[in-house]
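Worksheet: one structure, shown below.
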Amino acid sequence: MFSVNNRFEEVLYNLKTYHKESWINDDYIKILKKIKMIKEHKLNKEFKLLSIEVCENETKKLISGEIGYKIGKTYTSLSGFTTREKKYNNWGKLQLVLLNDYLKENGYKLWNLGHPQLQYKIDLGAKIYNRNDFLAKWREAIK
C-alpha cells in the first residue's frame, strides 16, 4: 500500500533508526516536525513537506519510505529507508517506482533525486544534468 503523509513521524523515526550516522539527528527531526506543523496551519501551496510510505497490505507494517518536499511542481527527495529484512528485498526500489507514478499523476514537472549518480537511481531512469540545465528545469517547475 502506497501513501503520502499518513505516517510522517514514523518515517522520521525509521530514517533515524536505519541511518545511525546521518544528518537526520534529533535537532533536524524537531525542525522538520515544526515546519510540517506550521505549514499545515498556513495556506502555502508552494512548499510542503511530504512523507512517502509503502506498507505491507496485510500487516500495515511500514516497509519503505522517505521524506522530501515540494515547491510548486518540483519534488526533492531528502532521505529514505527500507526495511532490511530479506523478504522485503527491493521494496525501496518499489517505493521509488510508486513515487514516480504519484508524481506523474499529480502533475509534477521535476523530481530532484539528490545524488542521481547512485547506480540504483540510474537503473530506475535518473538523468544527470549539469548545474545550469538543472537550475533552468528547477526554476520552470517551481513557478
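The values are calculated or read from the model by the stated rules, or taken from the named source; none is laboratory data. The shown structure was predicted, so the numbers you read here are calculated from the model rather than taken from an experiment. Counting neighbours? That spans all protein chains shown, and the Cβs are built from the backbone with ideal geometry, glycine included. These area figures cover heavy atoms from the full protein model, side chains too; ligands, DNA and RNA do not enter into them. Shrake-Rupley method; radii C 1.70, N 1.55, O 1.52, S 1.80 Å.
The stretch 54-143 holds no helices (runs of 4 or more DSSP H) entirely within its bounds that carry 3 or more residues that are on the phi > 0 side of the Ramachandran plot. Checking each residue of the stretch 30-41 against the condition of being touching a Ser or Thr at 6+ places or on another chain (Cβ under 8 Å), among the charged types (D, E, K, R) and without any contact (Cβ under 8 Å) to a residue 40 or more places away in the chain gives no match. Do we find that residue 80 is within 28 Å of residue 31 (Cα to Cα), among the small types (Gly, Ala, Ser) and modelled with pLDDT under 90 in this structure? So residue 80 fails the test. For the stretch 122-130, indicate whether the set of residues that are touching a strand residue (DSSP E or B) at 6+ places or on another chain (Cβ under 6 Å), open to solvent by less than 90 Å² (accessible area, probe 1.4 Å) and more than 17 Å from residue 70 (Cα to Cα) is non-empty. Checked the stretch 122-130: no residue is touching a strand residue (DSSP E or B) at 6+ places or on another chain (Cβ under 6 Å), open to solvent by less than 90 Å² (accessible area, probe 1.4 Å) and more than 17 Å from residue 70 (Cα to Cα).
Considering the stretch 95-117, and only residues there that are under 16 Å from residue 53 (Cα atoms) and out of contact with any helix residue (DSSP H, G or I) (no Cβ under 9 Å at 6 or more places or on another chain), the residue that is surrounded by the fewest Cβ atoms within 10 Å (Cβ to Cβ) turns out to be 101.
Given the criterion modelled with pLDDT under 85, farther than 21 Å from residue 63 by Cα and open to solvent by less than 50 Å² (accessible area, probe 1.4 Å), identify the matching residue among 42, 36. Can you show your working first?
Values: 42 fails: open to solvent by less than 50 Å² (accessible area, probe 1.4 Å).
36 is the lone residue from the list that is modelled with pLDDT under 85, farther than 21 Å from residue 63 by Cα and open to solvent by less than 50 Å² (accessible area, probe 1.4 Å).
Scanning the stretch 47-77 for residues that are more than 10 Å from the chain's Cα centre (by Cα) and of a type in the set (Val, Ile, Thr), which turns out modelled with the lowest pLDDT? Break it down into steps so the answer makes sense when it comes.
Let us first name the residues in the stretch 47-77 that are more than 10 Å from the chain's Cα centre (by Cα), namely 47-48, 54-64, 71-74.
Still in the list and also of a type in the set (Val, Ile, Thr): 54, 59, 63, 71, 74.
Numbers: 54: 98, 59: 95, 63: 97, 71: 91, 74: 95.
Selected residue: 71.
Among all residues of the stretch 136-143, there is none that is open to solvent by less than 80 Å² (accessible area, probe 1.4 Å), of a type in the set (A, V, I, L, M, F, W, C) and in contact with a Pro (Cβ under 9 Å, 6 or more places away or on another chain). Residues in the stretch 11-32 that are open to solvent by less than 80 Å² (accessible area, probe 1.4 Å) and of a type in the set (A, V, I, L, M) were compared, and the one that is nearest to residue 61 (Cα to Cα) is 11.
Being of a type in the set (Asp, Glu) and under 18 Å from residue 9 (Cα atoms) is true for just one of 58, 53. Which residue is that? None of the other options fit; the residue is 53.
Scanning the stretch 115-123 turns up no residue that is within 16 Å of residue 15 (Cα to Cα) and under 15 Å from the mean Cα position of the chain (by Cα).
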